[in-house]
Amino acid sequence: MLYVAASVVALGFFVTLEITARRYGLPGPVTSQVQEIVFAPKSGFLLYSGMGLMMVVLTWRERLIAAGAAIGIDIVIFLVRWVADAKVTEGHPFGNGALWVMLGCVVIAITRRTGRERALLLKGAGLGLLLVAGRKIGDTWLLITAKSRPTVLDPYLAAADHALGNPSWMAGRIVEAMGPIGAHVLQFVYAQLPVAAVIVSLYQLRNVAVERRFPGHHLVRTFLAIGLLGPAIYMVFPVVGPIFAYGTGAFGTGGELWATANLWPHTLPPISAPHSIPYDEITPRNCMPSLHTAWATAIFIHSRQGPRLLRFAGTFWLIATLGATLGFGYHYGVDLIAGVVFALTVETALRSFARGWDRSGIRLVAHGTTVFAALLVSYRYLPTQMAGHPWLFGPLLLLAMASVIHGYVRTTRLWEPKAAPALQPEPQPGLV
């Protein structure tokens, strides 16, 4: 019943977002997803990653059949496009087959399976489709933020960022000095974050096919929840980022027409009374909080349960993502602090829901929510004071984030099952 209720709510949200997008003259997530059945998908890697998640419920024989069917369908569609001379100008020339297979598994579950096997296959297919749908929902959210928020609050964050020493400006110069190779590596890490999430999730869900059930909590739940809740904050605190608000930068077009000045990354923005500024209806207002930081934090947390190689990969992805978000001018330093607090709060809430709410979980969620709200309020109403007293407000921001991290580590350690001590053999009486 819980999965049915969640599915109904998700479907209702999906349809609502579609209607809202149409009112702004934009293609909604439903339209975009249906188009990818035939047309070139935006990300073939994401579709195959979603199919990989679905296959955790299949046997090895069924996995081989599903993978072969997906590749075969992609080859057929590629040949049809080649014969019709329909060149792929945007997106990837593959991935349709993976979407067809996921939809086919839904049909098989409804028509050919019963009982627990039907439920398990539907959960697996739903998990893969939710990952894909989450990307479409996110893209639609970003378009809506650009259309519905004509002004942005970047001067407020630029002023507040002085309390941290303007890390985006410093990271931008570092990435620029690294040259094209380092920039391409960071860009790949930044763009393929969902693929990293799928790799960690596949490890967590590796026993589903044998146990015939999903674990109570896993990374996909946190990943989707962050993507669902985060854009609502974009609407409250619309920000485009340093490279768009303060110059063209070294790695992209930036905001040539709408930037207040060409300052990033070589000239620090002046400290002055902040005010909202108008911006175009194309650039997403997707900075506060940094969801890439939140997602990378979630990947790091869940990779701690894996082997050494997975833990190393999770650490690398977190560090590289932080470097990319700052170094490419996509975010301010204060965005990252808010993103970490946001991720830990969402993760705690989902873990508490899975294991049952108790006093420690409620207290930590309340603490994280309070800190996150305090950060937003301070960025909006105290940026000038933060810029004028960096030695006070900088440590306070870091301590606020550290308090949530410390609370999360301490609380979740208490939640971990403790190994029972080994029983010692009772001494036996012997012959004298």
In terms of the charge dipole of the chain, which places +1 on Lys and Arg and -1 on Asp and Glu at the beta carbon, the residue among ALA84, LEU64, GLY356 farthest towards the positive end is GLY356
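Give me the net charge of PRO383's neighbourhood, meaning all other residues with Cβ under 15 Å from the Cβ of PRO383; Lys, Arg count +1, Asp, Glu -1. Show your work: numbers first, answer last.
Details: positive: ARG380; negative: ASP154, ASP161, ASP335.
So the environment of PRO383 carries a net charge of -2.
Apply 1/(1 + (r/R0)^6) to the Cβ-Cβ distance of ARG304 and ALA232, taking R0 = 35 Å, and write down the FRET efficiency to the nearest 0.05. Working shown, then result.
Details: r = 28 Å, r/R0 = 0.81.
Efficiency computed from Cβ-Cβ geometry: 0.80.
Set the Förster distance to 45 Å, then compute FRET efficiency between THR384 and PHE353 from the Cβ-Cβ distance, nearest 0.05. Mind showing how you got there, number by number?
On the way: r = 40 Å, r/R0 = 0.89.
Once rounded, the FRET efficiency stands at 0.65.
With a ≥ b ≥ c the root eigenvalues of the C-alpha gyration tensor of segment 44-149, is it rounded (a/c under 1.5), prolate (a/b larger than b/c) or oblate? Kindly include the intermediate steps, with their values, before the conclusion.
Values: a/c = 2.62, a/b = 1.22, b/c = 2.16.
Oblate, because a/c is 1.5 or more while a/b does not exceed b/c.
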Projected label distance in nm at ILE319 and ILE277, using a 7 Å step from Cα toward the beta-carbon
3.4 nm
Summing -39500 (n - 2.57) over the DSSP H runs of n ≥ 4 in the chain and dividing by its residue number, what mean residue ellipticity at 222 nm do you reach, to the nearest 500 deg cm²/dmol?
-23000 deg cm²/dmol
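In debye to the nearest 20, how big a dipole does the chain give about its Cα centre with +1 on each Lys and Arg Cβ and -1 on each Asp and Glu Cβ?
Values: 33 positive and 20 negative charges, 271 e Å.
Using only the charged Cβ atoms, the result is roughly 1300 debye.
Can you tell me the FRET efficiency between ARG311 and LYS147 if r is taken as the Cβ-Cβ distance and R0 is 41 Å, rounded to the nearest 0.05?
Numbers: r = 41 Å, r/R0 = 1.01.
The calculated FRET efficiency here is 0.50.
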Run through segment 286-325 and list the chymotrypsin sites (Phe, Trp or Tyr not before Pro) located in a DSSP loop whose Cβ has at most 10 other Cβ atoms within 10 Å.
none
What is the list of residues in segment 40-56 whose amide nitrogen lies under 20 Å from a point 7 angstrom out from the Cα of ILE110, following Cα to Cβ?
51, 54-55
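If you roll a 1.4 Å probe over the heavy atoms of the protein chains, what accessible area per residue do you get for the chain, in Å²?
51 Å²
Find how much the distance from TRP258 to LEU103 grows on full extension, using 0.36 nm per residue of separation minus their present alpha carbon separation; answer in nm with one decimal. Display every interim value, and only then the final one.
Values: separation 155, 0.36 × 155 = 55.80 nm, distance 4.28 nm.
Value of the extension gain: 51.5 nm.
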Counting only protein heavy atoms and leaving out ligands, DNA and RNA, the solvent-accessible surface of MET401 at a 1.4 Å probe, in Å² to the nearest 10, equals 40 Å²
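Counting only GluC sites (Glu not before Pro) that are in a DSSP loop and have at most 13 other C-beta atoms within 10 Å, tell me the longest site-free stretch of the chain.
Details: sites that count: GLU90, GLU256, GLU281.
By the stated rule (loop sites, at most 13 other Cβ atoms within 10 Å), 91-255.
For every other residue with a beta carbon closer than 15 angstrom to the beta carbon of SER352, add +1 if it is Lys or Arg and -1 if Asp or Glu, then tell me the sum.
Working: positive: ARG221, ARG351, ARG355, ARG359, ARG363, ARG410, ARG413; negative: GLU347, ASP358, GLU416.
Value of the local net charge: +4.
Output the DSSP H helices from the chain with an along-axis C-alpha extent of no less than 20 Å and a mean Kyte-Doolittle hydropathy no less than 1.0. Before the final figure, lay out each step's value.
Numbers: long enough: 2-23 (32 Å, 1.32); 60-84 (36 Å, 1.26); 96-112 (23 Å, 1.58); 115-148 (45 Å, 0.50); 167-191 (21 Å, 0.68); 219-236 (26 Å, 1.78); 308-327 (28 Å, 1.06); 333-355 (34 Å, 1.15); 359-381 (32 Å, 0.59); 390-415 (37 Å, 0.87).
Helices meeting the criterion: 2-23, 60-84, 96-112, 219-236, 308-327, 333-355.
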Among rounded, prolate and oblate, which fits the chain when a ≥ b ≥ c are the square roots of the eigenvalues of its C-alpha gyration tensor, a/c under 1.5 means rounded, and a/b larger than b/c means prolate?
oblate
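The values are calculated or read from the model by the stated rules, or taken from the named source; none is laboratory data. Nothing here was measured: the structure is a model prediction, and the numbers come from that model. As a convention, Cβ positions derive from the backbone with ideal geometry for all residues, glycine included, and neighbour counts pool all protein chains shown. Accessible surface is based on the protein model in full, side chains and every heavy atom, while ligands, DNA and RNA are left aside. Shrake-Rupley method; radii C 1.70, N 1.55, O 1.52, S 1.80 Å.
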